[in-house]
Structures are given as structure tokens and as C-alpha cells.
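The values are calculated or read from the model by the stated rules, or taken from the named source; none is laboratory data. Bear in mind the structure is a predicted one, so any value in this text is a computation, not a measurement. A quick note on method: Cβ atoms are made from the backbone with ideal geometry, for glycine too, and the neighbour counts reach across all protein chains shown.
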Amino acid sequence: MKQFGIMVGLDKKDAFEGWFCKVDDPKNGLLLSIIWGYSTHRETKHAFIQFQDSLKHDTTYISYPIEELNWKEDPFVLQIGNNELSQSGMILDFEMDGIFLRGDFQFSSLSPIKKSFLKPNIMGWLTYFPNECNHSIISMNHKVSGELMIGNQSWTIEDADGYIEKDWGTSFPKEYVWVQANDWDNSSVVFSYATVPVFGKYAKGFFLVLHHEGKEYRFSSIEGSKLMNFKVSDDSFSATIKKKHTRLKINAKQTNAVELASPDNGEMKSHIKESLDGTLELILEIEGRNFVELSSKRASIDVHYNL
């Protein structure tokens with residue numbers, strides 16, 4: 001199942017689809033996130049780019065007529081206005097608050113998660129059922145090089161870290177937390193815990209994927225892992241996850257969080273709170289011994305939870 005390409009299309013009413021791309025360039029002191037997407041809401045149908053950076057800790061939402069959304073298949077290339085996204089790179093060309101942004105980036109050495117028929121991506125066999133929100137991890141980590149210009153400032157980017165995931169459906173979960181980081185030499189992680197409708201009832205579920213030194217550690221509620229000691233506040237959360245003789249602990253706290261637009265029945269009218277440079281601490285224990293210890297001050301974090 002090639003989930004990087006179009007999964008919704010323009011004919012389905014009141015739906016959305018979005019691609020999240022992150023660029024982490026510590027050499028230049030840059031963190032960028034670019035959300036590419038479109039809404040098929042019957043009254044507000046449009047395409048969009050949502051841009052966030054660590055320079056001003058702000059976000060910009062650029063709306064495009066739906067006619068400016070185009071794509072090509074095999075290999076998949078998404079076009080929104082003058083912007084272009086593929087698995088080999090992206091081109092950015094838009095204006096925000098009177099300032100022009102231009103970027104030309106190349107991606108290499110993408111790192112997808114392990115897949116099989118019953119695990120076409122992180123949602124496992126649930127992928128084959130109708131879901132309010134589907135989630136797919138495209139690359140846990142890859143290299144990003146290129147050029148970026150914002151107004152009269154310019155940067156040359158070499159061997160920055162990249163991450164790509166995507167969502168599609170009708171609405172984001174009514175409550176969830178999420179964290180992602182990959183600013184280590186040989187490690188990357190993503191975790192989410194959400195309340196979602198399943199077969200007519202609401203249920204809580206989670207997943208966590210850790211890539212460390214060439215090995216994948218994977219935990220999820222639908223595969224028998226247990227979430228223990230979950231705590232959440234307005235801007236942070238912590239959790240302990242157990243799977244047989246393996247235990248993983250995480251602590252995440254937002255920094256410089258901003259509001260991003262999010263879908264509600266296909267319409268981009270709701271909001272979530274996200275930070276690009278939050279703090280993350282992670283400990284992986286195997287048979288009672290600390291096997292992996294990681295910390296980051298460049299973690300992307302969402303906290304959208306009913307306290």
C-alpha cells in the first residue's frame with residue numbers, strides 16, 4: 001500500500017489529507033515544519049501550505065484554490081501552487097505576510113518503518129477499516145540538503161535531518177498527544193496516544209517507533225503493548241510502555257508552542273498546539289537494564305488533551 005500518494009482524492013466530501021515534513025538543521029540553528037494538505041469540505045474546499053519555523057516561533061497558513069492542487073503518480077509528486085513535494089525533495093515558493101520564501105531541498109536515504117500485509121504502516125490492520133483519522137509514517141529519518149531564502153536571509157543546508165508523516169480522513173482525534181525527534185546520530189522516535197472512534201465507540205490507542213543503531217523497536221496497543229503511568233498537563237506528558245521484557249519511558253514538554261489549523265469534519269477550522277523545539281527524554285530498558293538513553297531539545301510535540 002503506497003500511502004505517500006493520494007489516499008482521499010477530491011471526490012470524497014468533507015475530508016482532508018495532509019503531509020507533515022520536518023527539517024532539523026542544527027548547523028544553521030533552523031527547525032522547519034511544512035504541512036501540505038487539502039480539504040474537500042463542501043463550503044471551504046481548498047489546498048494549503050502551513051509553515052512553521054524556529055526563527056520567530058510563528059506559523060503561517062497559506063490557502064490556495066483547489067484548482068492549484070495537482071499531482072502525478074509513480075513516482076508521486078504533489079503540487080500546490082508553485083510548491084512541489086516528492087520523496088526525493090521539495091520546492092517551496094510562497095509569500096507570507098509580505099515576505100517571500102524560496103526553498104529547494106533534496107532528500108536522500110529515507111528510513112521507512114517495517115511493513116507487512118497486516119502492518120501496511122503504523123496503524124496495522126486498522127488501516128483496512130474506515131477511520132476518522134489515518135496515520136502513516138513515511139520516513140523516520142533522512143538527509144536534507146538544499147537552499148532556503150526568507151526575505152533577505154539565506155541559508156545553505158547540508159546533511160540536515162528530515163522526517164515525513166501524513167494523515168487523512170475526516171477529523172483529527174478529539175484528544176491526543178504526539179512527539180517526534182530525530183536529532184541524534186543513529187536514533188529517531190515517534191509516539192502518539194489518542195482517543196478515537198472504533199466500531200461505534202471511543203477507544204484509546206497508542207503507537208511508538210524507535211529506530212536505534214539500525215534496529216526497530218515498535219510498540220502499539222493493537223499489537224499487545226501496554227501503556228502505563230500516562231500523565232498529561234497543558235504543555236507536557238509522560239508515559240511508560242511495556243512489551244514483554246522491554247520497558248520504555250518518555251517525558252515530553254513543549255517549548256514555544258503555536259496554534260496550527262487542524263481538520264474537523266474536513267474543514268480546517270479547529271486548532272492544535274504544537275512546538276518545534278520541545279524537550280524529550282527517553283529511556284529504553286531491556287530486562288531491567290537501561291539499554292538506550294536519549295534526550296533532545298529539538299522535539300516536535302503536540303498536546304491536545306481534555307484535562
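With the structure loaded, tell me whether Phe48 is touching a Gly at 6+ places or on another chain (Cβ under 7 Å), hydrophobic (A, V, I, L, M, F, W, C) and in a strand (DSSP E or B) or whether it fails that test. When the stated conditions are applied, Phe48 passes them. Just so you know, in the stretch 132-160 the residues that are out of contact with any Ser or Thr (no Cβ under 9 Å at 6 or more places or on another chain) and in contact (Cβ under 8 Å) with a residue 40 or more places away in the chain include one that is nearest to Gln87 (Cα to Cα), and it is Ile138.
Checked against (1) over 22 Å from Thr59 (Cα atoms); (2) crowded, with 19+ Cβ neighbours inside 10 Å; (3) at pLDDT 95 or above, Val196 passes all but condition (3). Scanning the stretch 30-75 for residues that are touching a residue at least 40 places away in the same chain (Cβ under 8 Å) and of a type in the set (Ser, Thr, Tyr), which turns out nearest to Phe94 (Cα to Cα)? Here the residue is Tyr61.
When Ser221, Ser270, Ser262 are screened for being of a type in the set (S, T, N, Q) and at pLDDT below 95, only Ser221 passes. Here Ile66, Ile35, Ile80 are screened, and the one residue that is at pLDDT 95 or above and in contact with a His (Cβ under 6 Å, 6 or more places away or on another chain) is Ile66. Glu95 meets the conditions (1) more than 25 Å from Val179 (Cα to Cα); (2) buried (at least 16 other Cβ atoms within 10 Å of the Cβ) in every case but one. The failed one is (2). Residue-level check: of (1) under 19 Å from the mean Cα position of the chain (by Cα); (2) surrounded by 15 or more Cβ atoms within 10 Å (Cβ to Cβ), Leu148 misses just (1). Select from the stretch 278-288 the residues that are in contact (Cβ under 8 Å) with a residue 40 or more places away in the chain and either buried (at least 20 other Cβ atoms within 10 Å of the Cβ) or closer than 16 Å to Phe191 by Cβ (or both) and write down the one among them that is farthest from the chain's Cα centre (by Cα). Filtering the stretch 278-288 for residues that are in contact (Cβ under 8 Å) with a residue 40 or more places away in the chain and either buried (at least 20 other Cβ atoms within 10 Å of the Cβ) or closer than 16 Å to Phe191 by Cβ (or both), the one farthest from the chain's Cα centre (by Cα) comes out as Leu284.
Among the residues of the stretch 11-29, at least one is without any contact (Cβ under 8 Å) to a residue 60 or more places away in the chain and either surrounded by 20 or more Cβ atoms within 10 Å (Cβ to Cβ) or closer than 26 Å to Ile157 by Cα (or both). Here the stretch 1-34 is the region considered, the condition is being over 18 Å from Ile301 (Cβ atoms) and of a type in the set (Phe, Trp, Tyr), and the residue that is farthest from the chain's Cα centre (by Cα) is Phe16.
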